[in-house]
Amino acid sequence: MNLDELRIAIQETDAELLKLLEKRIGYVKQVGEYKAERNLPIYVPEVEKRKIETLSAECAYPGLVETIWPVIMCYARSVE
């Protein structure tokens with residue numbers, strides 16, 4: 001691939017990532033409703049820690065999950 005093709009591939013991947021993140025946030029909102037109905041806490045550090053550990057073990061790029069996922073989860077808590 002040449003540089004222009006690579007940039008197009010990145011843009012397409014970014015669009016896919018955005019759609020997946022939006023889908024994830026839709027589920028997060030449902031979790032928030034469930035928790036609100038049952039007076040459950042929004043923030044459960046153990047769950048987030050396990051999520052990062054699990055995803056990190058599956059990721060081919062060291063540090064990627066630890067860098068990105070806390071931001072994703074922080075935003076999720078704000079809409080949950």
Practice task
Take ARG77 and decide whether it is among the basic types (Lys, Arg) and in contact (Cβ under 8 Å) with a residue 40 or more places away in the chain.
Solution key: no
Problem - Filtered residues of segment 54-69 (kept if aromatic (Phe, Trp, Tyr) and open to solvent by 100 Å² or more (accessible area, probe 1.4 Å)) - result: TYR61
Problem - Residues of segment 36-69 classified as in a helix (DSSP H, G or I) and either under 20 Å from GLU80 (Cβ atoms) or in contact with a helix residue (DSSP H, G or I) (Cβ under 7 Å, 6 or more places away or on another chain) (or both), total - result: 17
Problem - Subset of segment 1-53 [touching a residue at least 12 places away in the same chain (Cβ under 8 Å), more than 20 Å from ILE68 (Cβ to Cβ) and open to solvent by 90 Å² or more (accessible area, probe 1.4 Å)] - result: LYS29
Problem - ILE72 vs. criteria open to solvent by less than 70 Å² (accessible area, probe 1.4 Å) and either at positive phi or not in a helix (DSSP H, G or I) (or both) - result: no
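The values are calculated or read from the model by the stated rules, or taken from the named source; none is laboratory data. Since the model is a prediction, treat every value here as computed from it, not as a measurement. As a convention, Cβ positions derive from the backbone with ideal geometry for all residues, glycine included, and neighbour counts pool all protein chains shown. Ligands, DNA and RNA are excluded from the accessible area calculation, which covers all protein heavy atoms including side chains. Shrake-Rupley method; radii C 1.70, N 1.55, O 1.52, S 1.80 Å.
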